[in-house]
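Q: Below is one structure. I have some questions about it.
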Amino acid sequence: MNSIEVSNLEKQYGSFKAVRGISFDVKEGEIFGFLGPNGAGKSTTINMLTGQLKPTSGEARVCDVNVIEKKRIREMIGIVPQELSLNDLLTAEQNLRLYGTLYNVQGKELNERSHHLLEAMGLAERKKTLVKDFSGGMKQRLNVILGLLHDPKVLFLDEPTTGMDTQARRMMWDFIKQVNKKGITVFLTTHYMEEADYLCDRVAIIDEGVIQAIDTPAKLKRQLKHENIITIQLEEDEQVINDVESIAGIKNAFFSRGELKLYIEDRDGLLLDIAKALEGRPIKSITSVEPTLDDVFISLTGKRLRD
């Protein structure tokens, strides 16, 4: 059974098509990743699936309800947007009570759910603290709690770990896994490829309003098993990209934080040409690496996810 079914969904603004007739499904109980660079159509798609934006054409159903039926859709889904939905002048506990009123969750039911969710997210001891005194990561965790307060069947998470440190991000990952084990379907967007790789049963990659691929992270990576990828550790040097990307046989090149990553063809003499281009630079290491989900994304879009 599917929690989400999308058929030829399209959204057009004037002559611009933000989403171009996409089709996919999300299985019940699945963690489904929806990945794409900025402007790819992710937010537009989420807004249509959550009843916030009417499709130009096509159809989308969530829990077998057409997304144009806004009221029914909102009762069945939880939404955690990038923008925080919190009142800074209220405590965490007061924010939960306010949301409980909006979703008709009150009394003992509200107290039990609030206690459980605050405990699970490590915020129980701060429930009487004003939200304005929370760190960014704590606010984001509370934001997720609000999306779960009414026990939705499907949870939409839009960049849930943005702004979190590594420890807080790991806590969020574990929490999402716990939520999913209780039968809640999760639809996730993220800028962190390792997050999608760790959490998602399947991922869809969208670019320029078109879905380029849908599969499990493992199968997507296996499609690149014959790709030649090398990483070169060297000192910060932004000029290095200009020196190597014009070499015949280099399909893509990226440089970040002292790491040069090259996607190369199997050509005689190519490594020698790369060595000549880097001559005079202190190289710390050269390594051949296995494809990652980030590499899959680059092979399909020609971009890094965070571009």
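FYI, it's all coordinate maths here, none of it is from the lab. Since the model is a prediction, treat every value here as computed from it, not as a measurement. A quick note on method: Cβ atoms are made from the backbone with ideal geometry, for glycine too, and the neighbour counts reach across all protein chains shown.
Q: Picking from Val65, Leu9, Ile46, whose Cα lies most toward the positive end of the charge dipole for the chain (charges on Cβ: Lys, Arg +1; Asp, Glu -1)?
A: Working it through, the farthest residue towards the positive pole turns out to be Val65.
Q: Related question: What does the charge dipole of the chain about its Cα centre add up to, to the nearest 20 debye, if the Cβ of each Lys and Arg holds +1 and the Cβ of each Asp and Glu holds -1? Before the final figure, lay out the partial values.
A: Details: 41 positive and 46 negative charges, 239 e Å.
The dipole of the chain has a size of about 1140 debye.
Q: Which of the lysines could a cross-linker span from Lys70 if the Cα-Cα distance has to be under 19 Å and same-chain partners fewer than 8 positions apart are dropped?
A: Lys11, Lys54, Lys153
Q: Testing the spin-label approximation: label points 7 Å from Cα along Cα→Cβ at Lys219 and Lys177. State their distance in nm.
A: Result: 2.3 nm between the two label points.
Q: Given an 8 Å cut-off on Cα distances and at least 6 residues of separation, report the relative contact order of the chain as a percent.
A: Here the relative contact order equals 20 percent.
Q: Could you point to the label whose value was computed as log10 I(q)/I(0) by the Debye sum over Cα atoms at q = 0.06, 0.12, 0.14 Å⁻¹ for the structure here, given (1) -0.19, -0.78, -1.07; (2) -0.25, -0.87, -1.07; (3) -0.22, -0.82, -1.10?
A: Structure-derived value, by its label: (2).
Q: Now for a different question. Report the label-to-label distance for Ser15 and Lys284 in nanometres (one decimal), using points 7 Å from each Cα along the Cα→Cβ vector.
A: Distance between the two pseudo-spin positions: 5.0 nm.
Q: Taking 0.36 nm per intervening residue step and subtracting the Cα-Cα distance, what contour gain separates Glu208 from Lys70 on full extension? Walk me through the numbers before you get to the answer.
A: Details: separation 138, 0.36 × 138 = 49.68 nm, distance 2.66 nm.
The Glu208-Lys70 span can extend by a further 47.0 nm.
Q: Follow-up question, since we're still on this one. Along the Cα→Cβ direction, 7 angstrom out, place labels at Lys27 and Ile230. What is the inter-label distance in nm?
A: Placing both labels 7 Å along Cα→Cβ, they lie 4.0 nm apart.
Q: Set the Förster distance to 30 Å, then compute FRET efficiency between Lys108 and Thr166 from the Cβ-Cβ distance, nearest 0.05. List each step's numbers first, then the result.
A: Numbers: r = 37 Å, r/R0 = 1.23.
The computed FRET efficiency comes out at 0.20.
Q: Give me the mean projected area, in nm² to one decimal, of the convex hull enclosing the Cα positions of the range 232-307. Working shown, then result.
A: Values: hull surface 20.6 nm².
Result: 5.1 nm².
Q: With a sphere of radius 15 Å drawn around the Cβ of Leu149, what net charge do the other residues whose Cβ falls strictly inside it have (Lys, Arg +1; Asp, Glu -1)?
A: Working: positive: Arg74, Arg97, Lys108, Arg113, Lys127, Arg141, Lys153, Lys182; negative: Glu75, Glu93, Glu109, Glu112, Glu119, Asp151.
Value of the local net charge: +2.
Q: Leaving out same-chain residues fewer than 8 places away, which aspartates and glutamates sit with a Cα under 19 Å from that of Lys127?
A: Of all the aspartates and glutamates, those that pass the test against Lys127 - Cα under 19 Å, at least 8 places apart if same chain - are Asp88, Glu93, Glu109, Glu112, Glu119.
Q: Continuing with the same structure: In deg cm²/dmol and to the nearest 500, what is the mean residue ellipticity at 222 nm of the chain if only DSSP H runs of at least 4 residues count, each as -39500 (n - 2.57), divided by the residue total? Write out the running numbers ahead of the final one.
A: Working: 11 runs with 104 residues, N = 307.
Only helices count here, giving -9500 deg cm²/dmol.
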